[in-house]
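Reading through the structure tokens given below for one structure.
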């Protein structure tokens with residue numbers, strides 16, 4: 001049993017900036033972190049733009065934070081890890097790092113704020129090509145069926161009145177299980193009802 005760090009929770013991105021430029025936001029971005037498991041969905045406000053989604057494991061490496069991509073919409077092979085510096089500023093969790101853009105890396109900053117509601121209970125499930133992360137009233141399910149000729153799908157849901165309501169989905173996301181209907185063969189990585197993270 002270990003105490004969760006401040007990254008554990010349900011987050012939305014408030015803004016991003018690139019190369020020291022002005023802050024902006026062009027997407028609905030949700031990041032759920034339950035113990036060492038995370039899921040991230042980015043759906044553009046403009047339908048013509050491309051969505052992004054990735055899941056995997058993450059954690060501190062000294063003073064830096066590393067996200068390893070196990071499932072990634074941008075490719076059927078795991079993408080390069082994301083590594084950034086995290087810190088609190090004006091009530092936001094601020095992430096800073098470098099984005100590789102061809103031959104040159106560009107500095108970026110992302111500002112994250114908590115989504116409304118409790119951080120408990122939490123749940124992280126995994127299976128081959130599948131991931132489900134729940135934090136309080138927020139849940140994100142992701143499946144990658146491309147190796148079998150299927151789609152990459154994701155569904156972000158919010159618990160409302162005892163029912164999981166779909167807020168955003170890509171691919172065949174609307175058909176993915178919510179935390180109450182996940183297959184029993186999906187392995188529990190983390191589950192808890194209080195402020196401790198259990199493997």
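Details
- For region 160-176, the tally of residues that are farther than 16 Å from residue 41 by Cα and in contact (Cβ under 8 Å) with a residue 24 or more places away in the chain stands at 1.
- Selection status of residue 71, closer than 21 Å to residue 142 by Cβ, at pLDDT 95 or above and touching a strand residue (DSSP E or B) at 6+ places or on another chain (Cβ under 8 Å): yes
- Scope region 7-24; condition surrounded by 15 or more Cβ atoms within 10 Å (Cβ to Cβ) and assigned to a loop (DSSP other than H, G, I, E, B); matching residues: 7, 8
- Listed by position, the strands (runs of 3 or more DSSP E) enclosed by region 69-168 that each have at least 1 residues that are loosely packed, with under 14 Cβ neighbours inside 10 Å are 82-89, 92-101, 104-114, 122-127, 152-160.
- Hey, residue 149 within 16 Å of the chain's Cα centre (by Cα) and on the phi > 0 side of the Ramachandran plot or not: no
- Residues that are over 15 Å from the mean Cα position of the chain (by Cα) and under 18 Å from residue 171 (Cβ atoms) within region 45-76 comprise 47, 48, 49, 50, 75, 76, listed in sequence order.
The values are calculated or read from the model by the stated rules, or taken from the named source; none is laboratory data. These numbers were taken from a predicted model, which means no experiment stands behind them. Please note: Cβ atoms are built from the backbone with ideal geometry, for glycine as well, and neighbour counts cover all protein chains shown.
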